[in-house]
Amino acid sequence: MLVLTRPLGLTERYFLRMRGERGCADPFLIVSVDGADTGPISDADVCAAWAALRLRHPLLAARIVPSESNYAFAYPPPSTAAHALRQVRAQLEFATVGKDGLDAAADSLRSRWGGVDPSETIDLRDSTCTAAWYSNGDGKYLLGLQASHTVADAFGLLGLARQLLELLAVPGSAEREILQHVASPRQMAGALEDIIPGPEQASEEERGTARRAYDKLMAPSLRPRFGLNPDGPPTESIAVTRVVRHTWPEDETKAILRACKAHGVTVTQVCSAALIMTAIRYGPKAETGTAEDGENLYFKVHLPIDLLSRAPDVPSGPREAAVRVGHYPTFLSVPRAAVDEGEDGLYTLARQVKERHSAFVDSPYFWHFIRHYLTDSQAILDAALDAAAQPEAANAPPAAFLPLLSSLGDWSKKLPPAYAVEAKDDGEKAGELRVADVTLHLQVIPDTPCLHLWTYGGKMNFQLTHNIMHTSAALMDPFFDSFIKTVSDVGRA
């Protein structure tokens, strides 16, 4: 068994095409770890833990190669523990910084991994991920995990961070696991489409009914959509990444969540509504002679959904390092005048988001919809990238946009805040590794600002990532500030 291979699935091929040569949309985590009351964690400890994870999740040790059908993952299982430990070195970056140097190290990682410098992009012909471990020499550490979106999503990265800290907390556990996997190599995780129901399992009648229901849901996609107008070109080669983060304190987070619950909507639905309201405020004004009160504007909110939590046959054990997140659309028709209706208008729109969400996600044809939407999204992406490659694309007017919203829920269970460390000799507790902070990032998408929403440690976070050469700070800062104020006001009412 020299090399194991498997073809890329449909979702993996979608992200492969999206990322291009510069890794656009590849996600990464930066985790601040406090181990001040434990013994020091050595580079060798981290190497062993990462080697064990590569064997537990073989896609982390794979590369992508051409195949007869398209592309495939290729994974060569190591033949000995020594081979497994040697192979990880190319994926790991170590550094010791001063006692106050971890903040600067985090800034450096955000800049390097979030930019478009080809030298910092994961080369899928050689690897699918990379990791960094920095120490300040005083018991505090910085963990960075970056993966191609073809092998991991945000939840997968959180799971990897958790599993790495669990291994580091139990001396010798990584080395034992390496020996087990070398003796009995694991297969690569299957593609997403292998674990979710497929339309082919349904009757012809059901497939036809599902297709008609899907077409009805997607009918609004033909309408021209409203959004902001960028003030620069989306050229990849000159993209410059900028990240802005807002964190609500625990009391304000609780107040926002209580208000959403009292109105029968989720914070994701309220934030979707706030995003649209803010776009109306800062987007193009009504043309002269248009009756603003009667003008309806059309929007599409493209949201992620964890399909693993809905799949009927979920593999047991820790979450696999593989793409398990899909997306679904929410189409909305909003009167321009809704922006002047204050809190009432916001909740009215949030309830419309809820209705559209339910029409897709709670449909008996949900799995049909997911497959159809993925196929359509692939076709749209292919057409857009092919059009952008044409010479005349340089003179095309910039398309209006709505920032891409990813609402990722509460991470506290996915990445627990504390890990009891066992003493090397007797297994007794020898302090704790604690997660002080965690942030999610992605390699910038040159023509699409992205908003990430998550809660950790009782605090809600919103983070904007954008290419300032396409959407400047002068354009996005007032937009982001207004959006944050709208969400904050929900908790103050």
Exercise. For the peptides 133-146, 44-57, 90-103, 335-348, what is the packing order when you average, over each peptide's residues, the other Cβ atoms within 10 Å and list the highest mean first?
Worked result: 44-57, 133-146, 335-348, 90-103
Problem set entry | Mean-position separation - Cα centroids, segment 22-60 and segment 351-373, in angstrom | 36
For this session: Let me know the volume per residue of the alpha-carbon convex hull for segment 1-110, in Å³.
Result: 139
Exercise. If you look at just the Cα atoms of the chain, how large are its Rg and its Dmax in Å?
Worked result: 23.4, 81
For this session: Bin all alpha-carbon pair distances of segment 4-193 at 10 Å intervals from 0 and give each bin's fraction as a whole percent.
Result: 9, 36, 36, 16, 2, 0
Exercise. So how much slack lies between D103 and V240, counting 0.36 nm per residue of separation and subtracting their Cα-Cα distance, in nm?
Worked result: 47.3 nm
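If each residue of separation counts as 0.36 nm, what is the full-extension length gain between N229 and R212 once their alpha-carbon separation is subtracted? Display every interim value, and only then the final one.
Numbers: separation 17, 0.36 × 17 = 6.12 nm, distance 3.39 nm.
Once the chain is fully extended between N229 and R212, it gains 2.7 nm.
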Problem set entry | segment 231-290: Cα Rg divided by the 2.2 N^0.38 Å rule of thumb | 1.67
For this session: Could you sort 6-19, 189-202 so that the peptide with the highest average Cβ count within 10 Å comes first and the rest follow in order?
Result: 6-19, 189-202
Exercise. What net charge is computed for the residues neighbouring E250, neighbours being all others with C-beta under 15 Å from the C-beta of E250, Lys and Arg scored +1, Asp and Glu -1?
Worked result: -1
For this session: Among DSSP beta bridges lying fully in the chain, give the percent that are antiparallel, nearest 5.
Result: 85
For this session: Be a star and scan segment 107-151 for residues whose amide nitrogen sits under 14 Å from the point 7 Å along the Cα-to-Cβ vector of D43.
Result: 132-137
For this session: Let me have the 222 nm mean residue ellipticity of the chain computed from DSSP H runs of 4+ only, each contributing -39500 (n - 2.57), with the sum over all residues rounded to the nearest 500.
Result: -12000 deg cm²/dmol
Exercise. Roughly how tilted is helix 366-388, in degrees to the nearest 10 and between 0 and 90, from the longest Cα axis of the chain?
Worked result: 80
Problem set entry | Links that overshoot a 27 Å alpha carbon limit, given the list K140/K459; K140/K414; K216/K261; K261/K485 | K216/K261
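Using the beta-carbon distance between R492 and A36 and R0 = 45 Å, what value does 1/(1 + (r/R0)^6) give for FRET efficiency, to the nearest 0.05?
0.75
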For this session: Could you tell me which of T375, A48, T448 has its Cα farthest along the dipole of the chain towards the positive end, charges placed at Cβ (Lys, Arg +1; Asp, Glu -1), taken about the Cα centre?
Result: T375
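Counting Lys +1, Arg +1, Asp -1, Glu -1, what net charge surrounds S67 among other residues with beta carbon under 12 Å of its beta carbon?
That works out to +1.
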Exercise. If you line up the long axis of helix 102-114 against the longest principal axis of the chain, both from Cα atoms, how many degrees apart are they, to the nearest 10?
Worked result: 60
For this session: For a quick protection proxy, order the peptides 397-409, 430-442, 222-234 by their average other-Cβ count within 10 Å, most packed first.
Result: 430-442, 397-409, 222-234
Exercise. So how far, in whole Å, is the C-alpha centre of segment 162-236 from the one of segment 436-461?
Worked result: 19
Exercise. Given labels modelled 7 Å from the Cα in the Cβ direction, how far is it in nm from R17 to V314?
Worked result: 3.0
Problem set entry | Rough spin-label spacing in nm, given labels placed 7 Å along Cα→Cβ, for N395 and S111 | 3.9
Exercise. In nm, what is the difference between 0.36 nm times the number of residues separating H83 and S184 and their Cα-Cα distance?
Worked result: 34.9 nm
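Quick note: the coordinates plus some simple rules give every number you see, no bench work behind them. Worth saying up front: this structure is predicted, and the values here are computed from it rather than measured. Cβ atoms come from the backbone with ideal geometry, glycine included; neighbour counts cover every protein chain shown.
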